[in-house]
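Colleague: What follows is a structure written as structure tokens; I'll ask about it next.
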Amino acid sequence: MSAAQKRSGAIRKSKKGPSVGTGGYGRKALEGKGPTPKAEDRPYHKAYKNKELAERSAAKRGPAKGSAPRGRSTGGRSKNSEELVTGRNSVVEALRAGIPAKALHLAIRIDMDERVRESLKIAAERGIPVMETGKPELDRMTDEAIHQGLVLQVPPYNYADALETVKATISKYNKGHIKNAPLFIALDGITDPRNLGAIVRSASAFNAHAVIVPERRSVGMTASAWKTSAGAAVRVPVTRAPNLTSTLKGMKEAGVFVIGLDGDGDVSLPDLGLATEALCIVVGSEGKGLSRLVRENCDSIVSIPINSGMESLNASMAVGITLYEVSRKRTK
């Protein structure tokens, strides 16, 4: 008897013979499942949830047509796009100015300070929804702008049609529903939203009925314009003209006199005899002034007497002075 037979429980091994192959399945099993998926592609990972939240938020907003990068309060944005005001100082100042807001986004576990508390207070008083939003989503919304955990979502401004507004105003005046003769301000080539905001503010102060901006190559009602107007855009509508020259022609046909402001005008503002009539004041950009076609469609070009050492006035200042003089003449 061999030694293996003498030991209890001994395992007897025979020589392994040839066997059928696995067809490569064994080798494939050893290859694994490939590289580890990204965190945002793993359903159980926090990054995956943040990605889903961002996609849902983007789907609700829809694409911004031709918009500039989000997160910055700049002019030249698409008229259909929303705007974001970012940063604690900017947000609280925008809320103080009464800028219309769709939502106030607040970072989760944000460090509270007086600006954040005031923003929340104003939002509660105005019924603005407050949404706790993760930092990754705030970064994505604002294109990595410095938001300090606070973002105000401003809806696109709802522009009325310029010529329809003019005709409706004239109709109300003719029926005695409006005391003062119709008064409008049209902007030709102005791109600074602060100029627009200041003009809207002056329009409100001197009882103008609407401000007209061209649809293309012109400033729009951005958050910066709202803030500069100090909320006056709530009282004076800002309207859009598909083509400013055609709109001016339509206004003249409706009985509105059109005057353009220019340093080389043929009439001095103190001698303006059209102040008591239905009137549209057109102001051009500081650099180029009135465009040729707009100038040709004005009934009169008016200049403001200034010190010879000063070449020109800021557009909003020129409008303010002209509105004051028109108002003064109308109350005589």
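Values quoted throughout were computed directly from the atomic coordinates according to the rules given, and no laboratory measurement underlies them. Owing to the predicted nature of the structure, the values given are computational and were not obtained by experimental measurement. All Cβ positions, glycine included, derive from the backbone under ideal geometry; neighbour counts span all protein chains shown.
Colleague: Select from the range 132-143 the residues that are assigned to a helix (DSSP H, G or I) and among the acidic types (Asp, Glu) and list them in ascending order.
Modeller: If the condition is that a residue be assigned to a helix (DSSP H, G or I) and among the acidic types (Asp, Glu), then Glu137, Asp139 are the ones that fit.
Colleague: Let me ask you something else. Of the residues Ser312, Ser303, only one is touching a Ser or Thr at 6+ places or on another chain (Cβ under 7 Å) and of a type outside the set (Asp, Glu); which?
Modeller: Every option except Ser303 fails the conditions.
Colleague: Considering only the range 171-184, I want to know if a residue exists there that is in contact (Cβ under 8 Å) with a residue 24 or more places away in the chain, assigned to a helix (DSSP H, G or I), among the charged types (D, E, K, R) and surrounded by fewer than 22 Cβ atoms within 10 Å (Cβ to Cβ).
Modeller: Checked the range 171-184: no residue is in contact (Cβ under 8 Å) with a residue 24 or more places away in the chain, assigned to a helix (DSSP H, G or I), among the charged types (D, E, K, R) and surrounded by fewer than 22 Cβ atoms within 10 Å (Cβ to Cβ).
Colleague: So which helices (runs of 4 or more DSSP H) stay within the range 185-258 end to end and still have 3 or more residues that are among the hydroxyl-bearing types (Ser, Thr, Tyr)?
Modeller: In the range 185-258, 223-229, 244-253 are the helices (runs of 4 or more DSSP H) which contain 3 or more residues that are among the hydroxyl-bearing types (Ser, Thr, Tyr).
Colleague: Can you find even one residue in the range 108-131 that is free of Cβ contacts under 8 Å to residues at least 40 places away in the same chain and either part of a strand (DSSP E or B) or touching a Phe, Trp or Tyr at 6+ places or on another chain (Cβ under 9 Å) (or both)?
Modeller: So far as the range 108-131 goes, yes, one or more of its residues are free of Cβ contacts under 8 Å to residues at least 40 places away in the same chain and either part of a strand (DSSP E or B) or touching a Phe, Trp or Tyr at 6+ places or on another chain (Cβ under 9 Å) (or both).
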